[in-house]
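K.L.:
What follows is a structure written as structure tokens; I'll ask about it next.
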Amino acid sequence: MDVKKKIEKLREEIRHHDHLYYGLDKPEISDQAYDKLFRELKELEAEHPGLVTDDSPTRRLGGEPLKAFKTVTHKTPLLSIDNVNSEAELLDFDRRVREGLGKDKIEYVAELKIDGLAVSLVYKKGKFIQGSTRGDGVHGEDITQNLRTVKAIPLSIKGSEGIEVRGEVYLPYDEFVKFNEARKDRDEPIFANPRNAAAGSLRQLDPKVTAGRPLDIFVYYGIVPKLKKHYETLERLKRLGFKVNPNIRVCEGIGEAWKYIQHWEKKREGLPYEIDGIVIKVNSLAEQDKLGFTARAPRWAVAFKYPPMQATTVVEDIKVQVGRTGAITPVAHLKPVHLAGVVVKRATLHNEDEIRRKGIKIGDHVRVQRAGEVIPEVVEVIKEKRTGHEKEFVMPKSCPVCGAKVFKPEGEAIARCVNFACPAQVMGRIIHFTTREAMDMEHVGPALVDQLVTKGHIKDAADLYSLTKEEIKQLERMGDRSAQNVIDSIKAGLDRPLDRLIYALGIRMVGKRTAQLLADNFHNIAELAEASAEKLSEVREIGPKVAEAIVDFFREKENKHFIEKLKKAGVKVKGLGTGGRGLGPLKGKTFVFTGGLEHYTRPAAEELVRQLGGSSSGSVSKKTSYVVAGTDPGSKYDKAKKLGVEVLTEAEFVRLIGKK
């Protein structure tokens, strides 16, 4: 077979597996087998650059950075859809449609309204040639290079259709949480919600940045000739390789549509992505044409918006906290308020610029929301409730903990304490080292670390291993048994997997996921410490900035000394070796845990799965191998049953992994 045919065959095979994995959640081959195909194609294209085409799967890795986005004029305007907020308004929409068509009953299509960024995808002769944002509906931004990196978007489709497809790019909730955790590790501002994260990712001038973010898409509209119904269009798009949401329903009349709306209002928290409502569309394309458009929206569609999960409270104070890398973060201390099932007392304000942008003052009445069910966020100030007694917040010029200078690098949003020995930073580094996700010292909590640092027993996390039971017994609320529990916890922290130790070191920009990748590719800490930035950048998902941060960490004299202390204390610094993970008895299996477990904490169970070659996830999909249900399982259990995913009790899980 000649090279050109071999390359095209590889491309077709990879496109096939991309569609199965990203579009249908039905992978046929392992990740390792897929990676082998991809590497082979990449090597052949590198040897024969003249054969590289725009629709090759390798183009998803991102092209050259752009200086700015070009403006695109949409051939057909991307109009927004009118919103309704009540059953009465929905019935009024139905009345207008029936009157406009002269019919008593209308067939509608009901779809989940994904909370992401609307985009247009244009294909010519089966090739993806242009992608753009909605913009003002008439003009959008050309983000073709960035959209090429979204793996659920086909770069080519069968046939020679010249079509335009529209969809919503989003960040799955589970990936959003991981993404924010990684940004936190790098002391970067976290995104308030998945929609902002998706929008920010697609508007990067460097497509390689977008390529490193786990974006996804659902398409909801296509300009496809010779079809009579909207639902038929979606089915055609599915067959062409596009990802269409599986929860779409054809409704006979507005009554069925209302039931659909009520159903998903109760169930939306169990979805692995954010929705903010339901879109109702007239199914017949001829009837859509007859109804037409107003100046800003189609008459044949409406969006029922769910009420936001928000509450009103008062900012009683704004204080700053100092992180383990010296980041100074302002935090709003709120009058306690019930919101989405929890009591919210604090909300991050990210940085001083964010406070100024939103105009937040101490004493203000504000609206808060739990974005993505995780991060309490101040949405806006209710200025009409101001009394004149509110006070401006002023970022301190010196660290509130050690008094050292606070420095804000030019071009960065985060101010930092410059004192590496600042007690808050020392405390933060030690607490981070002991957490479940790191060395998992169960009985070594923040209060105990505070006492140990304050009394001078420890100066860094390595000193924990030299503590004696007698020293611990002298601390407040420490009896003989409690002191022994602490010692046992510290000893248990001598033997953790390599990725846990890498994460525990607190390297800037290295979160749990990056630590796992490093442990997969380096045998031990010494090998990692000697790696160049170029060598590190060869590891999948590790970019130049992260690589430089790792090199900088191991270059520091204090950090070298710290690692030597860990070795002398007996801390295990070797891993399973290159590619060690993924080779155990659970290879290729994905687990989701829900409910309370008797014999394991959830992080411990997830770590055990990883050690045996499997992986864990926070959300259930068709790709999930097993859901392990403990006491009081939540919506993940219901979703597993619905998708036909095998559900295990904790006892069955224990037997599966061969522990009992």
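The values are calculated or read from the model by the stated rules, or taken from the named source; none is laboratory data. Note that this is a predicted model, so its numbers are computed, not measured. For neighbour counting, all protein chains shown are included, and Cβ atoms are generated from backbone atoms with ideal geometry for every residue, glycine included.
K.L.:
Which number in (1) surrounded by fewer than 20 Cβ atoms within 10 Å (Cβ to Cβ); (2) part of a loop (DSSP other than H, G, I, E, B) marks the one condition that Met509 misses?
P.N.:
Result: Met509 passes all but (1).
K.L.:
Select from segment 625-654 the residues that are at pLDDT 90 or above and either touching a His at 6+ places or on another chain (Cβ under 6 Å) or among the hydroxyl-bearing types (Ser, Thr, Tyr) (or both) and list them in ascending order.
P.N.:
Ser625, Tyr626, Thr649
K.L.:
Exactly one of these conditions fails for Asp499: (1) charged (D, E, K, R); (2) at pLDDT 90 or above; (3) buried (at least 22 other Cβ atoms within 10 Å of the Cβ). Give me its number.
P.N.:
(2)
K.L.:
If we only count helices (runs of 4 or more DSSP H) wholly inside segment 247-360, which ones have 1 or more residues that are of a type outside the set (S, T, N, Q) and not assigned by TED's automatic domain parsing to the domain that holds Arg386? Please lay out each step first, then the result.
P.N.:
Details: elements: 254-267, 285-291, 352-358.
Counting at least 1 such residues, we get 254-267, 285-291.
K.L.:
Here is a follow-up. Based on what the data block shows, is Glu287 of a type outside the set (Phe, Trp, Tyr) and surrounded by fewer than 16 Cβ atoms within 10 Å (Cβ to Cβ)?
P.N.:
Working: of a type outside the set (Phe, Trp, Tyr): yes; surrounded by fewer than 16 Cβ atoms within 10 Å (Cβ to Cβ): no.
So Glu287 fails the test.
K.L.:
Also: I'm trying to understand the selection: among the residues of segment 223-239, which are modelled with pLDDT of 90 or more and not in a helix (DSSP H, G or I)?
P.N.:
The answer is Lys228, Lys229.
K.L.:
Specify which of the listed residues (Gln484, Gln474, Gln516) is within 23 Å of the chain's Cα centre (by Cα) and at negative phi.
P.N.:
On the way: Gln484 fails: within 23 Å of the chain's Cα centre (by Cα); Gln474 fails: within 23 Å of the chain's Cα centre (by Cα).
Result: Gln516 is the single residue among Gln484, Gln474, Gln516 that is within 23 Å of the chain's Cα centre (by Cα) and at negative phi.
K.L.:
Which of the residues belonging to segment 55-77 are at pLDDT below 75 and either part of a helix (DSSP H, G or I) or surrounded by 14 or more Cβ atoms within 10 Å (Cβ to Cβ) (or both)?
P.N.:
Our first condition is that a residue be at pLDDT below 75; within segment 55-77, this holds for 55, 57-68.
Scanning segment 55-77 gives Asp55, Pro57, Thr58, Arg59, Arg60, Leu61, Gly62, Gly63, Leu66.
K.L.:
Considering only residues that are under 29 Å from the mean Cα position of the chain (by Cα) and assigned to a strand (DSSP E or B), which ones fall in segment 78-122?
P.N.:
Matches in segment 78-122: Asn83, Ala110, Glu111, Leu112, Lys113, Ile114, Leu117, Ala118, Val119, Ser120, Leu121, Val122.
K.L.:
Answer yes if at least one residue in segment 294-308 is over 15 Å from Asn83 (Cβ atoms), aliphatic (A, V, I, L, M) and surrounded by 15 or more Cβ atoms within 10 Å (Cβ to Cβ), and no otherwise.
P.N.:
The answer is no, given that none of the residues of segment 294-308 is over 15 Å from Asn83 (Cβ atoms), aliphatic (A, V, I, L, M) and surrounded by 15 or more Cβ atoms within 10 Å (Cβ to Cβ).
K.L.:
Let me ask something additional. Farther than 19 Å from Lys113 by Cβ, within 18 Å of the chain's Cα centre (by Cα), buried (at least 20 other Cβ atoms within 10 Å of the Cβ) and assigned by TED's automatic domain parsing to the domain that holds Cys251: is that true of Ala197 in this structure?
P.N.:
No; evaluated as a whole, the condition is false for this residue.
K.L.:
Same structure again: Before we move on, is Val109 crowded, with 20+ Cβ neighbours inside 10 Å and either of a type in the set (Val, Ile, Thr) or on the phi > 0 side of the Ramachandran plot (or both)?
P.N.:
Numbers: crowded, with 20+ Cβ neighbours inside 10 Å: yes; either of a type in the set (Val, Ile, Thr) or on the phi > 0 side of the Ramachandran plot (or both): yes.
Answer is yes for this residue.
K.L.:
Suppose the filter is of a type outside the set (Gly, Ala, Ser), within 16 Å of Leu505 (Cα to Cα), at pLDDT 90 or above and part of a loop (DSSP other than H, G, I, E, B); does Val571 pass it?
P.N.:
On the way: of a type outside the set (Gly, Ala, Ser): yes; within 16 Å of Leu505 (Cα to Cα): yes; at pLDDT 90 or above: yes; part of a loop (DSSP other than H, G, I, E, B): yes.
Here the answer is yes, as Val571 does meet what is asked.
K.L.:
Among the residues of segment 611-646, write down those that are of a type in the set (A, V, I, L, M), surrounded by fewer than 17 Cβ atoms within 10 Å (Cβ to Cβ) and not in a helix (DSSP H, G or I). Talk me through it step by step, then tell me what you get.
P.N.:
At the first step, the residues of segment 611-646 found to be of a type in the set (A, V, I, L, M) are 612, 620, 627-629, 640, 643, 645.
Restricting the remaining residues to those that are surrounded by fewer than 17 Cβ atoms within 10 Å (Cβ to Cβ) gives 643.
Of everything in segment 611-646, nothing turns out to be of a type in the set (A, V, I, L, M), surrounded by fewer than 17 Cβ atoms within 10 Å (Cβ to Cβ) and not in a helix (DSSP H, G or I).
Here's the yes/no breakdown for (1) among the aliphatic types (A, V, I, L, M); (2) more than 28 Å from Ile490 (Cβ to Cβ); (3) at pLDDT below 85; (4) not assigned by TED's automatic domain parsing to the domain that holds Gly493:
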site	(1), (2), (3), (4)
His523	no, no, yes, no
Val546	yes, yes, no, no
Ile550	yes, no, no, no
Arg555	no, yes, no, no
Glu558	no, no, no, no
Phe562	no, no, no, no
Gly579	no, yes, yes, yes
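K.L.:
Please state which one of Glu13, Glu8, Glu43 is assigned to a helix (DSSP H, G or I), surrounded by fewer than 13 Cβ atoms within 10 Å (Cβ to Cβ) and at pLDDT 75 or above.
P.N.:
Glu43
K.L.:
Within the group Val401, Val444, which residue is more than 29 Å from His523 (Cα to Cα) and at pLDDT below 95?
P.N.:
Numbers: Val444 fails: more than 29 Å from His523 (Cα to Cα).
Matching residue, one of Val401, Val444: Val401.
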